[in-house]
Amino acid sequence: MKPFGTVSGVAVPIEGENVDTDQILPARFLPKPRNGGFGQYLFHDIRFDDSGTEKPDFILNRPAFRGASVLIGEANFGCGSSRENAVWAIADYGIRAVIAPSFGDIFYSNNIKNGVLPVVLTKDDVARLIEDQLHEPGQPVTVNLQEQTVTAGNRVYHFKIDEFSRHCLLHGIDELDYTLSQLDAIDAFAARRAAEEGWPAQAPRTASASDDGANI
Amino acid sequence: MLDKIWARHAILERPDGETLLYVDRHLIHDGYQPAFEFLEERGLPVRFPQQVFATPDHYVPTDERRVAGIRSAERRGMVENLVAKSREYGITLFELDDLRQGIVHVIGPEQGISQPGMTIVCADSHTSTHGALGALAFGVGMTQAAQVLATQTLWQRKPKSMRISVEGELGFGVTAKDIILAIIRRIGAAGAVGHVIEYGGSAIRALSIEGRLTVCNMSIEAGARAGMIAPDQTTFDYIAGKPFAPKGEAWAPAVQRWTETASDPGAVFDREIVLDAADIAPMVTWGTSLEDVVPIDGHIPDPANAKTVEDRERMTKALDYMGLVPGTPLSQVAIDRVFIGSCTNGRIEDLRAAAAMLGGRKVQSGVEAWVVPGSGLVKQQAESEGLDVIFRDAGFQWREAGCSLCLGTNGETVSSGQRCASTSNRNFVGRQGRGARTHLLSPQMAAVAAVTGRLTDIRGGY
Ligand code: SF4
């Protein structure tokens, strides 16, 4: 995962509350392979018409907002389906930070797991950011994770993010590495749970065992 | 209840306050290819395959049962990958030609895989369904799901708790679906963000497990992390004898443990909401968010009456997409398609209730109506009761089990501009197909809409 330091670039406002992951990535693109570049499907059905031609009135198609690296959404952004592909579309398009007053829970954590920084600002701050971007399209916005600030023009907004997510994003570490370091505690817990529930005892499968097929 | 289940599964806590939770049951489906790829990249096996259960549902056709019959290579690949990986890792698999195959959230309860007091996850937001049995069940992202495969654990921040009580008796023609739609109407599509909802009250306790599954299924549509209902005798009776349920000597201690899972009488919740069951009417959605929902005897709302400018704009956009005129009585809205199915309303009781409304009448000409059972066993049961004949005689298509028109990833969609009365759970823009217009309602209402050709109040003469 790419470490997240500072991102500075065009910020595209996506207006409307409750923008769901079906909008961000329509379901029919779900079976596409992960390495196929999901950026081309981002907001597909509002970005392109039936013939696949760009709709000029959609904000991401306006010259000033093309290639945005920051996205600004409204309340409950990314609600609905848990599809992680929605974040892949955002990340593959080149967006590194998403700002909103609130997020769908699963979408929020999916962002962190894919190296995209979710930034929660107050509703008023977001409204002002959106207004400024609409007023002066293409004015660069800077998101600094170290300082936990968003800077647009001469305005600076402060945000909070939990320490662990911040640490992971800053260093490009993923959560799984950390979890794997706890495997002993997990195996002991698994044995206890099995006893509690009366499940047959089970030996954890390990990488070496699966290589020689001994686990089957 | 949340506290108790949480405490029983917490392995350790991280400095930032996230807890490593042990996962008892992991349900997986044909969208898991990225999770398996992730494991392979890291050289990790599935650590506890006995706790993983697999079924293909999102990409399967519902006009036939052969994997080879899936025309799109991409979709066929998703199903084949699930089969291959389940075999490779020793995961219990219900294949496409196995009667036990079905929608992941239908088969978990049906097979007795989902039990009270358990933590259950699946990379699918409607995993909240299983909370109906008194479990803590929630949807996760695909990277999280890969971690669960590799470690049987998940990092979570403890959600807040919220109790929604529905007291009293439901009126005639009012169902579990109407309860949850009425709840979302009351609290909004983001009304329970960050919370786990525990549903209670006499109207909830009076529901069958199938009705409770419908209510918990749509918790996510109110923004909740999960929904749950305390296990009681109804729950135990439902689970008894299911293939993966505790048996023989293991049964009594299990019931004892399950009983202890329920919230204590004086339990305190971060939020409390009470609804009167008698106030709930059959509901139907008119727009493109779950909070766009009104009683069937109502009218299409007028954006002019919206409280804020943003609301007005959003409503105008929704009405434009839905092709509806403010002020129109809902009962005058004509439909083109009917879909009875999904993990919300694709169980046997739903099909029975829908069939019972048909009364020998025919599907209105010009309307295409489908029944898609939630699992192969639901289909078999319905056929043994003759429900398939009732639906077919009325002019419905009687199909194989899968997600189908709920989301259309298997290629079955509602055409652009078509209006569909659907028992599924989301009315989002493009959910049932590009440009498709969805009205969510109960199976009974969907059946009647099919014969009248329009949204209809099932409480009146029609
Ligand atoms: S029926 Fe619909 S909501 Fe349920 S799992 Fe399938 S696609 Fe998801």
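The values are calculated or read from the model by the stated rules, or taken from the named source; none is laboratory data. Predicted, not measured: the structure shown is a model, and the values here were computed from it. Cβ atoms come from the backbone with ideal geometry, glycine included; neighbour counts cover every protein chain shown. Only protein heavy atoms, including side chains, enter the accessible area calculation; ligands, DNA and RNA are left aside. Shrake-Rupley method; radii C 1.70, N 1.55, O 1.52, S 1.80 Å.
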Ratio to report: Rg/Rh of chain B, with Cα atoms as the point set and Rh obtained by the Kirkwood method; give two decimals.
0.95
Rounded to the nearest 100 Å², what's the accessible area chains A and B bury against each other, both chains counted, probe 1.4 Å?
5200
Along the positive direction of the dipole of segment B:391-462 (beta-carbon charges: Lys, Arg +1; Asp, Glu -1; about the Cα centre), which of B:411, B:460, B:436 reaches farthest?
B:436
Taking segment B:38-187, the whole-percent share of alpha-carbon pairs separated by over 26 angstrom is 37
How large is the dipole of segment A:123-216 about the Cα centre if only Lys and Arg carry +1 and Asp and Glu carry -1, each at its Cβ, rounded to the nearest 20 debye?
180
Of chain B, which part is the longest with no GluC sites (Glu not before Pro) in a loop (DSSP not H, G, I, E, B) and with at most 16 other C-beta atoms within 10 angstrom?
B:170-384
In segment A:91-128, which residues become less accessible by 30 Å² or more once every protein chain is in place, relative to the chain on its own, using a 1.4 Å probe?
A:105, A:106, A:113
Largest-first principal axis extents of the Cα set of segment B:16-85 (Å)
48, 24, 24
Collect residues whose amide H, placed 1.01 Å from N in the peptide plane, falls under 5 Å from the amide H of residue B:92; neighbours closer than 5 in sequence don't count.
B:52, B:54
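Which value does Rg/Rh take for the protein assembly as shown over its C-alpha atoms, Rh per Kirkwood? All intermediate terms of the calculation are to be shown ahead of the outcome.
Working: Rg = 24.0 Å, Rh = 25.4 Å.
Radius of gyration relative to Kirkwood radius: 0.95.
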With every protein chain in place, what's the accessible area of residue B:384 (1.4 Å probe, Å², nearest 10)?
90
Reduced to Cα centres, the span from segment B:21-70 to segment B:368-404 in Å works out to 26
When averaged across all projection directions, what area in nm² does the alpha-carbon convex hull of segment B:327-449 cover?
7.0
Are there trypsin sites (Lys or Arg not before Pro) in segment B:332-389 that DSSP marks as loop and that have at most 15 other Cβ atoms within 10 Å, and which are they?
B:362
Dipole of segment A:17-146, positive end: most advanced residue of A:43, A:60, A:111 [Cβ charges, Cα centre]
A:111
Mind putting a number on the dipole of segment B:83-196 about its Cα centre? Charges go on the C-beta only, +1 for Lys and Arg and -1 for Asp and Glu, and I need it in Debye to the nearest 20.
580
Over segment B:2-69, calculate the relative contact order: mean separation of alpha carbon pairs under 8 Å at least 6 apart, over the residue count, as a percent.
28
Eight or more residues apart or on different chains, and alpha-carbon atoms under 23 Å: count the Lys pairs in chain B matching that.
6
In segment A:69-164 the accessible area split gives carbon plus sulfur, as whole percent at 1.4 Å, a share of 47
Chain A, relative contact order [Cα under 8 Å, separation at least 6], %
23
Just how large is the dipole of the protein assembly as shown about the Cα centre, in debye to the nearest 20, putting +1 at every Lys and Arg Cβ and -1 at every Asp and Glu Cβ?
520
Tell me the accessible surface of residue B:99 in square angstrom (1.4 angstrom probe, heavy atoms of protein chains only), to the nearest ten.
80
Hey, rough spin-label estimate for residue B:356 and residue A:146, points 7 angstrom out along Cα→Cβ, what's it come to in nanometres?
6.8
Between segment A:47-116 and segment B:201-234, the alpha-carbon center distance in angstrom:
32
Taking all protein chains as present, what is the carbon and sulfur share of the accessible area of chain B, in % to the nearest whole number, probe 1.4 Å?
49
Specify whether the C-alpha gyration tensor of segment B:270-357 places it in the rounded, prolate or oblate class, a ≥ b ≥ c being the square roots of the eigenvalues: rounded for a/c under 1.5, otherwise prolate if a/b is larger than b/c and oblate if not.
oblate
Scalar couplings 3J(HN,Hα) for segment A:136-141 by Karplus 6.51 cos²θ - 1.76 cosθ + 1.60 (θ = phi - 60°), nearest whole Hz, x for Gly and Pro, are 10, x, x, 4, x, 10
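Calculated from DSSP H runs of 4 or more alone, at -39500 (n - 2.57) each and per residue, what is the 222 nm mean residue ellipticity of the protein assembly as shown, nearest 500?
Working: 25 runs with 223 residues, N = 678.
It comes out at -9000 deg cm²/dmol, rounded to the nearest 500.
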Sorted by chain and number, the residues with a modelled amide H under 5 Å from that of residue B:275, at a separation of 5 or more or across chains, are B:165, B:166, B:167
Taking a probe of 1.4 Å, how large is the accessible area per residue of chain A, in Å²?
42
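Can you give me the relative contact order of chain B as a percent, contacts being Cα pairs under 8 Å and 6 or more apart?
16
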